[in-house]
């Protein structure tokens, strides 16, 4: 009985330490992320993206806020192209870095807000809605004509989508917005 109690105590101590470290990381990066936490793109959405969009035609693909890197891995595996991701959450960065260690694609521990995206022809993001208007302004200034912007779940305000993709699943029907720079402005 004493061994069981010690084991339970050790498990609770380990859980406490993990949660404490996680809380410190969240507090440390709150000023950069605005409190947004890592939310992985559902696998059914990734499968639908890979099925619906030919990523082999793009030369420079970037994922903004790449989390665990599952989009990056799927595109590289499905199309053999290299993707660059940006992540500022240290825990998510470490996970994606480890998941990509033996691949050509890479993840950078930096904010995409500070990056020049002027040569990029495909952007993928799954960001929170409060960032989308500012993102639309940045991409509108920097991306070349014809660049694709793919946003899971949340539209870019004031942008007109080229099409909307939906993963047909019994419990999952969230939209994926596809925009084309140059045709992204309503009536423009």
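Values in this text are rule-based calculations from the coordinates and carry no lab data. Since this is a predicted model, take the numbers as computed values, not measurements. Reconstructed Cβ throughout: ideal geometry from the backbone, glycine too, with neighbour counts over all protein chains shown.
Specify the angular offset, from 0 to 90 degrees and rounded to the nearest 10, of the alpha carbon long axis of helix 70-79 from the longest principal axis of the alpha carbons in the chain. On a 0 to 90 degree scale, this one is about 50. Helix 43-52 and the long axis of the chain differ in direction by around 20°, with both axes built from C-alpha atoms. The long axis of helix 129-142 is offset from the longest Cα principal axis of the chain by roughly 40 degrees.
At 0.36 nm per residue, and after removing the present C-alpha to C-alpha distance, how many nm does the segment from residue 163 to residue 20 gain when stretched out fully? Mind dumping the intermediate values first?
On the way: separation 143, 0.36 × 143 = 51.48 nm, distance 4.32 nm.
Difference between extended and current length: 47.2 nm.
Treating r as the C-beta distance of residue 3 and residue 47 and R0 as 35 Å, the FRET efficiency rounds to 0.15.
Extending 7 Å from the Cα toward the beta-carbon at both residue 114 and residue 130 defines two label points whose distance is 2.2 nm. Annotation: the antiparallel percentage among DSSP beta bridges lying fully within the chain is about 40.
Volume per residue for the chain equals 143 cubic angstrom (convex hull of Cα atoms). Rg/Rh, computed from the Cα trace of the stretch 91-170 with Rh as the Kirkwood radius, has the value 0.99. Between residue 10 and residue 106, the modelled label-to-label distance comes to 4.1 nm, taking each label 7 Å out from Cα in the direction of the beta carbon. The modelled label-to-label distance for the pair residue 56/residue 94, using points 7 Å beyond Cα in the direction of Cβ, is 3.8 nm. Our Cα-only numbers for the stretch 125-188 put the radius of gyration and Dmax at 11.9, 39 Å. Adding -39500 (n - 2.57) for every DSSP H run of four residues or longer, then dividing by how many residues the chain holds, sets the calculated 222 nm ellipticity at -13500 deg cm²/dmol.
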